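**Student:** To start, I am sharing the structure in question, which I have written as structure tokens.
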2 protein chains.
Amino acid sequence: MSERVAIIGAGSWGLGISHVLSQQDCSIKMWEFVAADLERLRQTRNNPDKLADFRLDERVQLTGDLEEAIADTNLIVLAVPAQFMRSVVRQIAAPLSQGRLLVNLAKGIEIGSLKRMSEVILEETGADPENIVTLSGPSHAEEVVKNTPTTVVAASISEKNATRVQELFSVGSFRVYQSDDITGVELGGSLKNIVAIAAGIADGLGMGDNTKGALITRGLAEILRLGLALGARAETFAGLSGLGDLVTTCFSRHSRNRFVGEQIGKGRKLDDILAGMKMVAEGVQTTRSGRELAGRHGVEMPITEEMYQVMFNGRAVDEAAANLMGRELKAEFWN
Amino acid sequence: MSERVAIIGAGSWGLGISHVLSQQDCSIKMWEFVAADLERLRQTRNNPDKLADFRLDERVQLTGDLEEAIADTNLIVLAVPAQFMRSVVRQIAAPLSQGRLLVNLAKGIEIGSLKRMSEVILEETGADPENIVTLSGPSHAEEVVKNTPTTVVAASISEKNATRVQELFSVGSFRVYQSDDITGVELGGSLKNIVAIAAGIADGLGMGDNTKGALITRGLAEILRLGLALGARAETFAGLSGLGDLVTTCFSRHSRNRFVGEQIGKGRKLDDILAGMKMVAEGVQTTRSGRELAGRHGVEMPITEEMYQVMFNGRAVDEAAANLMGRELKAEFWN
């Protein structure tokens with residue numbers, strides 16, 4: 001069966017995933033909210049503010065009308081920023097609930113509700129939970145469109161639907177594995193952005209690879225602690241959407257979250273950094289929601305706590321670094 | 001009690017660890033086998049071939065005589081390349097067996113015997129196993145001597161001796177955690193060098209961070225499989241001497257093993273690459289011994305296998321990459 005796909009959101013990953021799907025036998029419609037971005041894509045088939053050196057396949061139909069985008073489709077790719085997910089799916093709740101496969105690409109935890117993306121989508125649409133698949137893993141769009149070998153995970157409680165996504169999205173150098181732990185996959189993809197900000201601060205302060213190796217290790221440990229408290233499986237965090245995405249985000253020059261941290265480390269103010277960016281750094285909001293989630297479940301997340309204090313409470317980065325390094329000498333696994 | 005330390009080996013990590021110990025109240029003697037290197041250190045207190053921008057503390061006494069080096073010491077730091085460990089400790093087996101604390105810094109698995117470093121040291125000296133501590137983790141010497149925040153693990157079956165090493169080696173920005181899983185710590189530190197060569201090949205081929213995120217994830221999975229088969233604990237590989245050391249080695253410009261892979265990826269021959277290096281890339285030999293160990297225990301290690309075929313059997317890197325990417329689509333954790 002040839003799939004009829006709608007991609008909701010023409011940010012960098014929306015554009016990147018269109019490159020993957022354009023290699024398959026499927027129809028693709030793409031929706032974008034920002035009129036200027038939509039017009040630019042219509043005229044030039046590209047938006048260099050979101051993704052340089054890329055040209056949208058001619059067969060992709062562009063629209064600014066959500067209902068038109070999803071009309072006559074059976075698979076919806078949701079690629080909007082995490083904090084906008086609820087407002088977008090709310091507008092098309094009824095058609096999304098009618099048996100379409102919903103593929104979530106957003107990485108984040110909603111402020112306020114502290115819900116993961118699939119939870120937000122389910123809550124708004126009332127869709128069958130079996131029809132939601134989250135695709136996550138180390139997959140910077142800038143590399144995917146250059147056919148850099150990339151591997152991700154399709155997670156769903158439905159093996160049938162995970163397989164359907166795996167088969168549709170596996171093309172050439174883009175490979176999709178499967179997981180049934182959607183909770184772990186979504187948490188790994190979201191929480192790693194907090195650690196990426198910390199890694200960026202280490203970069204901005206001129207610290208080295210030894211420091212980042214330590215940050216990633218301790219960062220994965222605190223992500224794992226929260227994940228286990230929320231019912232995820234430990235092995236998921238050792239996989240592509242945990243460890244894999246974490247290391248790529250912490251080292252890649254393409255990572256917006258690492259960039260935000262680097263600028264903080266160099267002494268710039270968060271508001272100024274964000275004002276100068278044309279893309280969303282999900283980790284800034286995830287630091288707030290992740291910290292609140294940890295507090296609610298009584299989970300210790302020292303890196304998340306320090307990032308929160310630095311970004312939202314005026315703590316100096318030197319003090320945060322000293323707090324993380326100065327913890328009492330002890331066994332590596334103390335909990 | 002003020003420790004009386006001998007550092008055996010003045011390679012980059014031997015010099016690097018002297019920077020750490022020079023900040024403590026202890027006496028330090030340092031032995032080096034290569035006469036020209038020893039003379040250079042005596043005259044200039046440095047050896048830029050091993051470690052740039054570094055000056056050996058004036059209090060460190062240099063010697064080319066092994067017995068003189070360890071005379072009147074109570075703590076021996078073994079910092080020789082893995083494949084030379086046996087021949088070095090054999091020469092001082094008797095004094096090493098007499099209650100001295102032996103701190104192993106070498107990372108590798110001996111060709112032929114397929115033994116870890118602490119096993120080689122024990123076999124040659126007959127020392128009490130409680131007296132061996134292995135120090136491992138993401139700790140490139142180039143960064144340690146610049147006081148970059150660095151964390152490592154001291155592993156021993158003796159908590160008392162792990163604590164003694166932890167207290168002696170923890171200074172300023174160098175922090176030491178403890179572990180009782182010396183098997184896991186040594187395997188993690190050794191086997192990561194194989195994955196680092198693969199990461200270097202990806203760099204040399206112009207692949208990106210997505211690819212390296214995937215390689216690190218699948219690499220840690222195969223290291224874990226072998227570790228579990230050899231009696232190590234899973235959590236050790238999620239720690240500093242597993243994941244932490246792995247990510248640092250795979251991304252750092254200071255990694256010799258990553259460098260070897262990068263040169264292979266650019267089309268150079270292994271022999272030519274090694275002939276041009278002034279330092280040892282442990283991962284080349286560990287690929288041989290690690291592969292043999294995996295075969296003996298029936299453990300599947302696809303990255304290790306491909307690295308072996310590339311380095312020792314003439315397989316083209318493109319073919320190796322295709323083999324790793326082309327594996328049948330399946331669940332992320334299939335074993």
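**Student:** Residue check, residue B:69 against (1) open to solvent by less than 50 Å² (accessible area, probe 1.4 Å); (2) touching a helix residue (DSSP H, G or I) at 6+ places or on another chain (Cβ under 6 Å); (3) under 21 Å from residue B:16 (Cβ atoms), all met but one. Which one?
**Tutor:** It is condition (2) that residue B:69 fails.
**Student:** Can you confirm whether the range A:183-198 contains a residue that is of a type in the set (Lys, Arg) and within 9 Å of chain B (Cβ to nearest Cβ)?
**Tutor:** Scanning the range A:183-198, I find no residue that is of a type in the set (Lys, Arg) and within 9 Å of chain B (Cβ to nearest Cβ), so the answer is no.
**Student:** Within the range A:95-130, track down each residue that is polar (S, T, N, Q) and open to solvent by 30 Å² or more (accessible area, probe 1.4 Å).
**Tutor:** Within the range A:95-130, A:97, A:98, A:113 qualify.
**Student:** How many residues does the range A:154-181 contain that are part of a helix (DSSP H, G or I), open to solvent by 20 Å² or more (accessible area, probe 1.4 Å) and either of a type in the set (Gly, Ala, Ser) or more than 11 Å from every other protein chain (Cβ to nearest Cβ) (or both)?
**Tutor:** 2
**Student:** Here's a follow-up. Which of the helices (runs of 4 or more DSSP H) found entirely inside the range A:223-294 contain at least 2 residues meeting this: in contact with an Asp or Glu (Cβ under 9 Å, 6 or more places away or on another chain) and more than 13 Å from chain B (Cβ to nearest Cβ)?
**Tutor:** A:256-265
**Student:** Among the residues of the range B:65-84, which ones are of a type in the set (D, E, K, R) and assigned to a helix (DSSP H, G or I)?
**Tutor:** Correct list: B:67, B:68.
**Student:** Assess whether residue A:185 counts as being within 18 Å of residue A:287 (Cα to Cα) and in a helix (DSSP H, G or I).
**Tutor:** yes
**Student:** Any idea how many residues of the range A:315-326 are open to solvent by 60 Å² or more (accessible area, probe 1.4 Å) and modelled with pLDDT of 95 or more?
**Tutor:** Number satisfying all stated conditions: 1.
**Student:** Hey, does the range B:15-34 have a residue that's open to solvent by 70 Å² or more (accessible area, probe 1.4 Å), assigned to a helix (DSSP H, G or I) and without any contact (Cβ under 8 Å) to a residue 40 or more places away in the chain?
**Tutor:** No.
**Student:** Which numbered condition in (1) over 22 Å from residue A:111 (Cβ atoms); (2) in contact with a strand residue (DSSP E or B) (Cβ under 6 Å, 6 or more places away or on another chain) is the only one that residue A:241 fails?
**Tutor:** Here residue A:241 clears every test but (1).
**Student:** Which numbered condition trips up residue A:43, out of (1) touching a helix residue (DSSP H, G or I) at 6+ places or on another chain (Cβ under 8 Å); (2) in a helix (DSSP H, G or I); (3) surrounded by fewer than 16 Cβ atoms within 10 Å (Cβ to Cβ)?
**Tutor:** Tallying (1) touching a helix residue (DSSP H, G or I) at 6+ places or on another chain (Cβ under 8 Å); (2) in a helix (DSSP H, G or I); (3) surrounded by fewer than 16 Cβ atoms within 10 Å (Cβ to Cβ), residue A:43 fails exactly one: (1).
**Student:** Next up: Given the conditions (1) within 12 Å of chain B (Cβ to nearest Cβ); (2) touching a residue at least 40 places away in the same chain (Cβ under 8 Å); (3) part of a helix (DSSP H, G or I), report the number of the one that residue A:220 does not fulfil.
**Tutor:** (2)
**Student:** Residues to consider are A:38, A:62, A:51; find the one that is in a loop (DSSP other than H, G, I, E, B) and open to solvent by less than 50 Å² (accessible area, probe 1.4 Å).
**Tutor:** After applying the criteria, what remains is A:51.
**Student:** Still on this structure, I have one more. Going by the structure shown, is residue B:310 touching a residue at least 40 places away in the same chain (Cβ under 8 Å) and part of a helix (DSSP H, G or I)?
**Tutor:** Here the answer is yes, as residue B:310 does meet what is asked.
**Student:** Something else about it: Going by what's in this entry, would residue B:215 be described as under 19 Å from the mean Cα position of the chain (by Cα), of a type in the set (A, V, I, L, M) and in a helix (DSSP H, G or I)?
**Tutor:** In short, no.
**Student:** On to the next question. Among the residues of the range B:1-14, write down those that are outside any helix (DSSP H, G or I) and of a type in the set (Ser, Thr, Tyr).
**Tutor:** B:2
**Student:** Any residue in the range B:200-214 that's more than 7 Å from every other protein chain (Cβ to nearest Cβ): show its pairings with residues that are among the polar types (S, T, N, Q) and surrounded by fewer than 24 Cβ atoms within 10 Å (Cβ to Cβ) at Cβ separation under 7 Å, as long as the two are six or more apart or on different chains.
**Tutor:** B:204/B:263
**Student:** On to the next question. So, in the range A:126-153, how many residues would count as being within 15 Å of residue A:78 (Cβ to Cβ), among the polar types (S, T, N, Q) and outside any helix (DSSP H, G or I)?
**Tutor:** Going through the range A:126-153 one residue at a time, the tally reaches 2.
The values are calculated or read from the model by the stated rules, or taken from the named source; none is laboratory data. Small disclaimer: the values here were computed from a predicted structure and weren't measured. Cβ: placed from backbone, ideal geometry, glycine included. Neighbour counts: every protein chain shown. Only protein heavy atoms, including side chains, enter the accessible area calculation; ligands, DNA and RNA are left aside. Shrake-Rupley method; radii C 1.70, N 1.55, O 1.52, S 1.80 Å.
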